[in-house]
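Structure first, then comments.
The values are calculated or read from the model by the stated rules, or taken from the named source; none is laboratory data. Quantities reported herein were computed from a predicted structural model and do not represent experimental measurements. Counting neighbours? That spans all protein chains shown, and the Cβs are built from the backbone with ideal geometry, glycine included.
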Amino acid sequence: MNRESRVLIADTQTPASGSITSSHSSNALDCALIAVYSSAPHGPVIQKRRPARPPGVVDLKPLGAGMKSTASLANREAPVAKQVAAFIAKFDPKAAKLIHLCRAELNELLPTAIELVYDNYNFFVIGYAATERASDCIVSLAAAANGVGLSFYHGAALPDPQKVLLGAGKQNRFIRLPTPDLLRSPVVLALIRAAVTQAKTPLPATGGGYTVIKSISAKQRSRRKSNDHP
């Protein structure tokens, strides 16, 4: 995948989401995806842009370009794509494949949104936003050892006549993704369209997306159902 990649190096301390102790309840994803957006990044490095989505799949607006900057020497050497691949490789092979497929689907649906990547204590998260501000996140792909989900950052305000959204917080809602096919279902596409429409900062119709690594926790829960390592 050819995306412009920009890495923002964060402190290696455990971020705010580390205070969430349960990743197995139905509300854990709801809570953690709110807490995960509190970490503050540092300066970026830019790499290649990804091309725009081929026409005709879903009429969702995309977002544009980044700017040059610098990052710490610790992460200059590692291309962003390799870093993200390493985060995903922590999961068992079946879960890692699901994450890759779901990410590919979201990049097709939102080809020029900025990817905000968090490799945090409880969850690996890729948010899709119109800016690098976490508050502008529209949807997020979130994964833990017990599964993958799609979070709607302002999901409590979305129309949900079929009651598919999970979570009971004041803001965030999510669905579980046992298969990437759900991202092409009419119900989920309607939710994504509604989320794009209601976004405070809209996704422009032109430009290209890029990837930002916002935070990496030094201490993390196991990404696998067992403690076995690959």
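Listed here are the residues, each with its yes/no results for (1) modelled with pLDDT under 95; (2) closer than 18 Å to S185 by Cβ; (3) touching a Gly at 6+ places or on another chain (Cβ under 6 Å).
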site: R76; (1), (2), (3): yes, no, no
site: V84; (1), (2), (3): no, no, no
site: K90; (1), (2), (3): no, no, no
site: I99; (1), (2), (3): no, no, no
site: R103; (1), (2), (3): no, yes, no
site: V117; (1), (2), (3): no, no, no
site: F124; (1), (2), (3): no, no, no
site: A143; (1), (2), (3): no, no, no
site: L150; (1), (2), (3): no, yes, no
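Inspect all residues belonging to the stretch 177-193 and state whether any of them is of a type outside the set (A, V, I, L, M) and more than 18 Å from the chain's Cα centre (by Cα). Please lay out each step first, then the result.
The first filter runs over the stretch 177-193 and keeps only residues of a type outside the set (A, V, I, L, M), leaving 178-181, 184-186, 193.
Of the ones still in play, those that are also more than 18 Å from the chain's Cα centre (by Cα) are 185-186.
Yes: one or more hits.
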Take A145 and tell me if it is free of Cβ contacts under 8 Å to residues at least 60 places away in the same chain, more than 20 Å from Y210 (Cα to Cα) and of a type in the set (G, A, S). no
Take T201 and decide whether it is part of a strand (DSSP E or B), of a type in the set (S, T, Y) and in contact with a strand residue (DSSP E or B) (Cβ under 9 Å, 6 or more places away or on another chain). no
Can you name the number of the only condition in (1) touching a Gly at 6+ places or on another chain (Cβ under 8 Å); (2) surrounded by fewer than 17 Cβ atoms within 10 Å (Cβ to Cβ); (3) at pLDDT below 95; (4) outside any helix (DSSP H, G or I) that A156 fails? (4)
Report yes if G167 is more than 19 Å from the chain's Cα centre (by Cα), closer than 18 Å to G127 by Cβ and surrounded by 14 or more Cβ atoms within 10 Å (Cβ to Cβ), otherwise no. no
Scanning the stretch 189-201 for residues that are in contact with a helix residue (DSSP H, G or I) (Cβ under 8 Å, 6 or more places away or on another chain) and at pLDDT below 95, the one surrounded by the fewest Cβ atoms within 10 Å (Cβ to Cβ) turns out to be K200
Tell me whether the stretch 100-116 contains one or more residues that are closer than 22 Å to S217 by Cβ, buried (at least 17 other Cβ atoms within 10 Å of the Cβ) and of a type in the set (S, T, Y). no
For the stretch 160-198, which residues satisfy the criterion of being in a strand (DSSP E or B) and within 21 Å of N107 (Cβ to Cβ)? F174, I175, R176
